[in-house]
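The values are calculated or read from the model by the stated rules, or taken from the named source; none is laboratory data. Given the structure is predicted, the values throughout are model-derived calculations rather than measurements. No Cβ is skipped: glycine too gets one built from the backbone with ideal geometry, and neighbour counts run over all protein chains shown.
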Amino acid sequence: MKYYELDKEEEQIVKDFEAGKLVRVKDFAKHQKELRQAVRATLNKTKNINIRLSERVLQKLKVRAQREGIPYQTLAASILHRDTNAQN
């Protein structure tokens, strides 16, 4: 099932790949390392979100964050990060 649309350049790359026309670049390991770093930098970007919480939950979050000595938004992000990674 296809969930994306390729542009003309991407379609040409696929055709060239399938035809065996692509060749490995010189110093492939160096290029691969640079690309992996770029991907990690892209995936590690943070996004702002808005979330609605009851006042009670927010207050509890703030109290817990104060006990741990960190900002409550950092604590919330940490809880979400930990929980979403536990699912994998």
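Summary of computed values
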quantity	calculated
Qualifying residue in the stretch 37-56 (condition: over 25 Å from the mean Cα position of the chain (by Cα), at pLDDT 90 or above and not polar (S, T, N, Q))	yes
Some residue of the stretch 23-35 being of a type in the set (Val, Ile, Thr), at pLDDT 90 or above and either out of contact with any strand residue (DSSP E or B) (no Cβ under 9 Å at 6 or more places or on another chain) or surrounded by 10 or more Cβ atoms within 10 Å (Cβ to Cβ) (or both)	no
